[in-house]
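Here is the structure we will look at.
The values are calculated or read from the model by the stated rules, or taken from the named source; none is laboratory data. The structure displayed is predicted, hence computed values, not measured ones. Methodologically, a virtual Cβ is constructed for each residue, glycine included, from the backbone with ideal geometry; neighbour enumeration extends over all protein chains shown. With ligands, DNA and RNA removed, areas are computed over all heavy atoms of the protein, side chains included. Shrake-Rupley method; radii C 1.70, N 1.55, O 1.52, S 1.80 Å.
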Amino acid sequence: MGTVLVVNSGSSSIKYELLDPASGQVHATGLVERIGEPASHLRHTHDGKTVELDDPVADHGAGLRRAIDLFGEHGPALSDAGVVGVGHRVVQGGERIVEATLIDDAVLATIEALSPLAPLHNPANATGIRVARELFPDLPHVAVCDTAFFHDLPMPARTYAIDREVAAEHQIRRYGFHGTSHAYVADRSAVLLGRDDLKLIVLHLGNGCSVSAVVAGRPVETSMGLTPLEGLVMGTRTGDIDPAVVFHLAREAGLGIDEIDNLLNRRSGLKGLSGHNDMREVTRLAGSGDENARLALDVYTHRIRKYVGAYAATMGGLDAVAFTAGVGENSALVREESLTGLGFLGIDLDPVANRADASGERIISRADSPATVLVVPTNEELSIARQTRRVAESTRQPNLSS
Ligand code: AMP
């Protein structure tokens, strides 16, 4: 059968998971964070046991090497785990990496060349790939891009209304992100409801937030655009904003472009409005009468409602809404407030089911609700592992038959 090692290499962290793509069984998970800082942190979990360490980790190479040591020290031994491939999460695949792709030097160069479109993510993704290829030279390495699911968005949904030549020269289009999650949740929703013709809205509400409209398994709209800044209100990002705010801040406040980038990406959203990017804290404060937190929650859910209405119109109907990711899976309050007043779209939430202390895939609308509301825990690692195994197997075929 074989297992897959999934690596998600961020700017200062590496997350990894060893799992069986067939059964979904997770053999080990881990995290190396604060790479390059004096006190890096490592966590490795296997067989229900977690080890945590505060060792200095100089760079991604050292981080991944340390993670592999942890497999040796605390299990499972990678040499006995039947690893058939390494799956890498890559944020921006651009126009060229539009499906799970075996990584060679040319693919790695493409991922690096796309860095101007994802400066926070692609360089870190590429570093993780380079190091992992050195450490596992005999295994196939596969890139699974966040943008891939949305590559074929219909032209009106992917096109910004700006000068066509400028857009073409600078690769400006709506790419969409969180695609692995949207694809996974859309797939699970179709299975749960036993239908492959669904008009579905997927709400991925985590620290980053995005929404997609999916018709019969194919995305027709999504809220993130050239970068993951567009769309819904997020933990620290504005989501939609009049682009003229940027000119205004430059001209009137004298802010530089990097300061504005930082403001919109890291000091806005829930954090900018309430001082907190964690929805647990925002809802707690809103419940105890904090007006800033209450407004932050209202802006957040108002934006979601607006998108649900817009996407129902885009699809010409609505069969189901699926919530996923940290907030979507866990906050009954956000789900309820986001869907308030949407009965005219056929959404009839069951308040008891919504508030039930449950986890896992579940339906939270009333039995006779014309549109079904679901909670579907996302599993990007499993999706990456499955795609990795598929590519790894297909690349082995010529050898097997020769
Ligand atoms: P993710 O990016 O999917 O890992 O989601 C992370 C976010 O989920 C955190 O920043 C929290 O704001 C949010 N979250 C996790 N658990 C809860 C919860 N029980 N209630 C509300 N928000 C939650």
Taking the range 313-361, which residues are assigned to a loop (DSSP other than H, G, I, E, B), within 15 Å of the ligand (Cβ to nearest atom) and not small (Gly, Ala, Ser)?
Asp357
When the range 191-213 is checked residue by residue, the ones that are surrounded by fewer than 24 Cβ atoms within 10 Å (Cβ to Cβ) and within 13 Å of the ligand (Cβ to nearest atom) are Gly206, Asn207, Gly208
Checked Arg133, Arg174, Arg164 against criteria (within 23 Å of the chain's Cα centre (by Cα) and either at pLDDT 95 or above or open to solvent by less than 10 Å² (accessible area, probe 1.4 Å) (or both)); the one match is Arg174
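Given the options Ser359, Ser383, name the one that is crowded, with 19+ Cβ neighbours inside 10 Å, of a type outside the set (Lys, Arg) and in contact (Cβ under 8 Å) with a residue 12 or more places away in the chain.
Among Ser359, Ser383, only Ser383 is crowded, with 19+ Cβ neighbours inside 10 Å, of a type outside the set (Lys, Arg) and in contact (Cβ under 8 Å) with a residue 12 or more places away in the chain.
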Being among the small types (Gly, Ala, Ser) and within 25 Å of the chain's Cα centre (by Cα) is the requirement here; does Ser288 meet it?
no
Those residues that are buried (at least 21 other Cβ atoms within 10 Å of the Cβ) and part of a loop (DSSP other than H, G, I, E, B), I need them from the range 22-51; list them, please.
Ile35, Ser40
The conditions are (1) more than 15 Å from the ligand (Cβ to nearest atom); (2) outside any helix (DSSP H, G or I); (3) surrounded by 18 or more Cβ atoms within 10 Å (Cβ to Cβ), and Gly235 fails exactly one of them. Which is it?
(1)
Would you please name the residue that is surrounded by the fewest Cβ atoms within 10 Å (Cβ to Cβ), looking only at residues in the range 238-282 that are among the hydrophobic types (A, V, I, L, M, F, W, C) and within 16 Å of the ligand (Cβ to nearest atom)?
Leu273
Confirm whether Pro119 is touching a helix residue (DSSP H, G or I) at 6+ places or on another chain (Cβ under 6 Å) and at pLDDT below 95.
no
Any hit, the range 52-67, residues being in a strand (DSSP E or B) and over 24 Å from the mean Cα position of the chain (by Cα):
yes
Suppose we filter the range 291-303 for residues that are within 22 Å of the chain's Cα centre (by Cα), more than 13 Å from the ligand (Cβ to nearest atom) and not hydrophobic (A, V, I, L, M, F, W, C); how many remain?
2
Every residue in the range 362-380 that is open to solvent by less than 40 Å² (accessible area, probe 1.4 Å) and among the polar types (S, T, N, Q), please.
Ser365, Ser369, Thr372, Thr378
The condition from (1) open to solvent by less than 60 Å² (accessible area, probe 1.4 Å); (2) assigned to a helix (DSSP H, G or I); (3) under 30 Å from Ala392 (Cα atoms) that Val144 misses is numbered (2)
